């Protein structure tokens, strides 16, 4: 594996940008932008080997996309409650769209992605600074008319009260997880095109982001730019992730330097 100084790495990013369009090195891989960049740099997934410096991560994303960037996976506390299979799916879930087709007739789904703003099913995240928690909240008054039948089922299952107990992430746990994954970061964006069934990337924007700020992280949850993403069905929980809206990465850091 190659070792880089920050200066070497910046120089390498500039050379890669000058190469123009580069074919996806990992065909059929949804993470092709990041994987192709890692191959060009000769590094292993996500880790930047910069000796004698704080840990660095490499984050890559396509330009002009509405897709969210996954920051990290973490289940809510207290873990022993097993919120997703024991509370959210049975009490707040709905029939899976492929129930009776791909899955059993009884297959339920709970897929919700939310931050500081309520979803049309009434879920949101709240910052409790006094108790140092990020809390999952449910407000039936925020449920849309389109989900009226589902709300009636929720009322039968558990009633229209706030979640009890409420899933949460403690500030200390969340800060440790986020700080480890996001301490310092090179954020690279690429233009994408397809020709003759092949995908090509042009790496055209690079930011060097330093000194992750947990307070800024909390603010971005309140601003609805960082979202908790629940993705579960009866037969499988895909895990809970924190995800970030496009072009908000620099909001999480004390210092952002434009490289390209």
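The values are calculated or read from the model by the stated rules, or taken from the named source; none is laboratory data. It should be emphasised that the depicted structure is a prediction, and the values quoted were computed from it without experimental measurement. All Cβ positions, even for glycine, are placed from backbone atoms using ideal geometry, and neighbour counts span all protein chains on display.
See the values below:
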read-out: Subset tally (residues that are surrounded by fewer than 17 Cβ atoms within 10 Å (Cβ to Cβ), under 30 Å from residue 175 (Cβ atoms), in contact (Cβ under 8 Å) with a residue 60 or more places away in the chain and out of contact with any helix residue (DSSP H, G or I) (no Cβ under 9 Å at 6 or more places or on another chain)) for the range 74-112; value: 3
read-out: Candidates 67, 11, 77, filtered to the one that is at pLDDT below 90 and either touching a strand residue (DSSP E or B) at 6+ places or on another chain (Cβ under 9 Å) or more than 24 Å from residue 243 (Cα to Cα) (or both); value: 67
read-out: Selected residue (criterion: nearest to the chain's Cα centre (by Cα)) from residues of the range 215-232 that are over 9 Å from residue 114 (Cβ atoms) and not in a helix (DSSP H, G or I); value: 226
read-out: Residue match in the range 204-211 (condition: in contact with a strand residue (DSSP E or B) (Cβ under 7 Å, 6 or more places away or on another chain) and over 23 Å from residue 17 (Cα atoms)); value: yes
read-out: Selected residue (criterion: surrounded by the most Cβ atoms within 10 Å (Cβ to Cβ)) from residues of the range 180-213 that are over 15 Å from residue 258 (Cα atoms) and touching a helix residue (DSSP H, G or I) at 6+ places or on another chain (Cβ under 7 Å); value: 201
read-out: Matching entry among 161, 194, 177 (being modelled with pLDDT under 95 and either under 15 Å from the mean Cα position of the chain (by Cα) or more than 30 Å from residue 98 (Cβ to Cβ) (or both)); value: 177
read-out: Any hit, the range 242-251, residues being outside any loop (DSSP other than H, G, I, E, B), under 20 Å from residue 13 (Cβ atoms) and touching a strand residue (DSSP E or B) at 6+ places or on another chain (Cβ under 9 Å); value: yes
read-out: Residue, nearest to residue 188 (Cα to Cα), within the range 233-260, restricted to residues that are more than 18 Å from the chain's Cα centre (by Cα) and surrounded by 18 or more Cβ atoms within 10 Å (Cβ to Cβ); value: 233
read-out: Matching residues in the range 85-101 - criterion: being closer than 25 Å to residue 68 by Cβ and not in a strand (DSSP E or B); value: 85, 87, 88, 89, 92, 93, 96, 97, 98
read-out: Residue within the range 129-150 that is closer than 30 Å to residue 3 by Cα, surrounded by fewer than 12 Cβ atoms within 10 Å (Cβ to Cβ) and out of contact with any helix residue (DSSP H, G or I) (no Cβ under 8 Å at 6 or more places or on another chain) present; value: no
read-out: Residues located in the range 16-51, provided they are modelled with pLDDT of 85 or more, assigned to a strand (DSSP E or B) and farther than 19 Å from residue 260 by Cβ; value: 23
